[in-house]
Amino acid sequence: MTPLKPVPAPTTIEDLRARHGPNFRWLVLLTVMVGMMAAILSSTIVNVAVPDMSRYFHIGQDRAQWISAAFMAATTLSLLLTPWLLQRYGLRKTYIGANLLLMVGGIVGGLSGNYPVMIAMRVLEGVAAGILTPIPNVVIMREFPATEQGRAIGIFGFGVVLAPAIGPVVGGVLVEMFGWRSIFFVVVPFCLVALEMARRYLPVISSFKTTPRPFDWVGLSIATLATLAVLNGLVDLQGEKTAQGALLLAVGISGFAAFAFHQLRAAHPLLEMRLFVHRSFSMAAIVAFVYGIGLFGSTYLLPIYLQAALDFSPSKAGLVLLPAGLALALTMPVAGRMADKQRASRLVTAGLAMLVASTVLTATVTAATSLLVLMAWVVLGRIGIGLIMPSLSLGSMRGLAPAEIPQAASMGNFLRQLGGAVGVSLIGILLEWRLAAQGVTLLGKGGDSARVAAFDQTFLLLAAIMLPAMVAGWFLDPPRKTSRG
C-alpha cells in the first residue's frame, strides 16, 4: 500500500485559489466555522450541567454563576487581543493557537477535581473563544463581495448555531449517563477537525499579517480590572456585602471610563473609539451590549428554570430546547439573505421584539402548561435571535474603511460579550433576589409554585432590560445622503 503523502501547507491565498478553485473562500469560511462551533459549544453546553455541578462542588447560586460568568469575562477581554494577534501572527497561527487552548481547557476541565481548577479551565476556554469570535466576520468582510456577505454570514450562522442547538440534548444525555465531566470533552473532536482543516486550507503567508505594532498592555490591564470589579461587585450584591458590591461597581464603571479615555489617547489602541463617530456603529454598539444581556442571560436561565422550577431531567430540558436551536439554525441562512436586501434596522428591531415577546410569554408558563406551548415560546425567541445576528454584524460594519473592519468586528463582539458577562451575573442577582423574596432556594425541596413565581419574575425583568435595544435598533441604518440641487 502506498503511504499517503502529507498535504503541503498552502503558502498564500493565490496557492489556495490555484488548488481549490475560485470557491476557496467557502473552504476558509468552513474552517473558521468549525472552530467557532467548538467555542460556542464550550460556552452553552455547560449550562445544562450547572445544577449537577452545583451539587458536586457543594456551591450555591452565587458561585455557580461563575461557571458561565468566568467564561464570559475571559471571552470579553480576549476579544481585545484578536486584531493585534492577526497583525502579529497572521490568520493561520492565531486560529491554530486558539483551538489548542480550547482543547487543553476542555481536557483539563473534564479531569478537574476541585472548583478552582474547573473555573480556571473555564477561563482558558473563554480566552480561546474570545480570540476565535471576531475571525469569521473579518474573513467574510475581507474575502466575500458585498453582494454575498449576508449569505455568507447566514450560512456560517447556520453551522455555528446548529451545534449548540443539539448541544443541550446531547449535554443532558451525557450528564445523566456519564456526569458533568463529559460536557468538557465534547469540544475535543471539533478542535481536532479544526486543526486539520487549518493545516489544509489556511495560508501560511496571511494578508492579515503586517508590521507588528506595540500592544497596549496598559489598556488591557485597565479593561481587565474594570471587568472583574463589575462582575465581582454584582456577585457581592447578592449576599450580605452590598456596600462592598456597590463600591466595586463604582470602581468598575470608573475603570471603563478610564479605559475609553486611554484608548482615545493611546498611539496604538486596543479599540478604536473613533468608530463611534459613525451613527450606525454607535447604535449597533448599544444594541450589541443590551442584546448580549438578553441572549446570554436567557441562555443561562432557561436550562436552570426547566430543571430547578419545572423539575425536568437534564435530558428532558435539553429536548425542550432542541426545537428552538433547530429553528435558530434554519433562520440564519434566510436572515442572511434578507440582510443583503433589507434595511438592518427593520430586521434587528423585529428580532428584538420577538425575543422580548418570547421572554414575557415564558413567564406565563406554569406546571400545567403544555410542553408544546413552552417549546413554541422558546422557538419564537430563537427565531428573533436568528433575525438579529446577520443584520447587526453587517449593519455595524458597512460603510467603514477596510482597515477599520477588524477593529469594528472586535469591538462589536467585545460589547456583546461584555453584555453577556454582565447579563449572566445580573440574572444571578435578580434570580437570587426573587427566590429570597419568595422564601425558597434554587435547589431546595418544596415551594415549587413559589420557585416558579421567582423565575417568572426574573424573566419579566430580563424582558424589561432588553426594551431599550429596540429603540437603538431602529436607528441602526446610516443617515441617508441628501442631494442638493
Q) If you take the residues in segment 82-134 that are of a type in the set (Val, Ile, Thr) and surrounded by fewer than 24 Cβ atoms within 10 Å (Cβ to Cβ), which one is nearest to Ala408 (Cα to Cα)? A) Val127
Q: State the number of residues belonging to segment 319-347 that are closer than 21 Å to Phe289 by Cβ and in contact with a Phe, Trp or Tyr (Cβ under 8 Å, 6 or more places away or on another chain).
A: 1
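Within segment 63-74, identify whether any single residue is within 18 Å of Phe156 (Cβ to Cβ) and part of a helix (DSSP H, G or I), and answer yes or no. So that I can check it myself, show each step before the final result.
Restricting attention to segment 63-74, the residues satisfying the condition of being within 18 Å of Phe156 (Cβ to Cβ) are none.
No, segment 63-74 has no match at all.
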Q: Count, please, the residues in segment 239-297 that happen to be of a type outside the set (A, V, I, L, M, F, W, C), modelled with pLDDT of 85 or more, surrounded by 14 or more Cβ atoms within 10 Å (Cβ to Cβ) and over 30 Å from Leu460 (Cβ atoms).
A: 3
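Each row is one residue, and each column tells you yes or no for (1) out of contact with any Gly (no Cβ under 8 Å at 6 or more places or on another chain); (2) touching a residue at least 60 places away in the same chain (Cβ under 8 Å).
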site	(1), (2)
Thr349	no, yes
Leu352	no, yes
Thr359	no, yes
Val365	yes, yes
Val373	yes, no
Ser393	no, yes
Glu404	yes, yes
Gln438	no, no
Q | Enumeration of residues in segment 173-202 that are over 30 Å from Leu29 (Cα atoms) and of a type in the set (Phe, Trp, Tyr) | A | Phe178, Trp180
Q: Would you be able to say whether some residue in segment 361-381 is crowded, with 19+ Cβ neighbours inside 10 Å, assigned by TED's automatic domain parsing to the domain that holds Leu394, farther than 28 Å from Asn137 by Cα and among the polar types (S, T, N, Q)?
A: yes
Q. Looking at (1) small (Gly, Ala, Ser); (2) free of Cβ contacts under 8 Å to residues at least 12 places away in the same chain; (3) closer than 15 Å to Ala74 by Cβ, which is the one condition that is false for Gly113?
A. (3)
Q | Answer from Ala344, Ala317, Ala353 - the residue that is among the hydrophobic types (A, V, I, L, M, F, W, C) and closer than 23 Å to Val46 by Cα | A | Ala317
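Could you please let me know if Phe158 is within 19 Å of Cys191 (Cα to Cα), in contact with a Lys or Arg (Cβ under 7 Å, 6 or more places away or on another chain) and touching a residue at least 24 places away in the same chain (Cβ under 8 Å)?
Details: within 19 Å of Cys191 (Cα to Cα): yes; in contact with a Lys or Arg (Cβ under 7 Å, 6 or more places away or on another chain): no; touching a residue at least 24 places away in the same chain (Cβ under 8 Å): yes.
Spelling it out, it is not the case that Phe158 is within 19 Å of Cys191 (Cα to Cα), in contact with a Lys or Arg (Cβ under 7 Å, 6 or more places away or on another chain) and touching a residue at least 24 places away in the same chain (Cβ under 8 Å).
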Q: Might you check whether a residue that is at pLDDT below 75 and part of a loop (DSSP other than H, G, I, E, B) occurs anywhere in segment 446-456?
A: yes
(Q) One residue is enough: does segment 310-329 have a residue meeting the conditions over 30 Å from Asp52 (Cα atoms), in contact with a Pro (Cβ under 6 Å, 6 or more places away or on another chain), modelled with pLDDT under 80 and buried (at least 20 other Cβ atoms within 10 Å of the Cβ)? (A) no
Q. Among the candidates Leu102, Leu91, which residue alone is farther than 24 Å from Leu295 by Cβ, assigned by TED's automatic domain parsing to the domain that holds Pro116 and under 21 Å from the mean Cα position of the chain (by Cα)?
A. Leu91
Q: Please enumerate the residues belonging to segment 98-146 that are β-branched (Val, Ile, Thr) and outside any helix (DSSP H, G or I).
A: Thr133
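The values are calculated or read from the model by the stated rules, or taken from the named source; none is laboratory data. Computed from a prediction, not measured in an experiment: that's the story for all the values here. All Cβ positions, glycine included, derive from the backbone under ideal geometry; neighbour counts span all protein chains shown.
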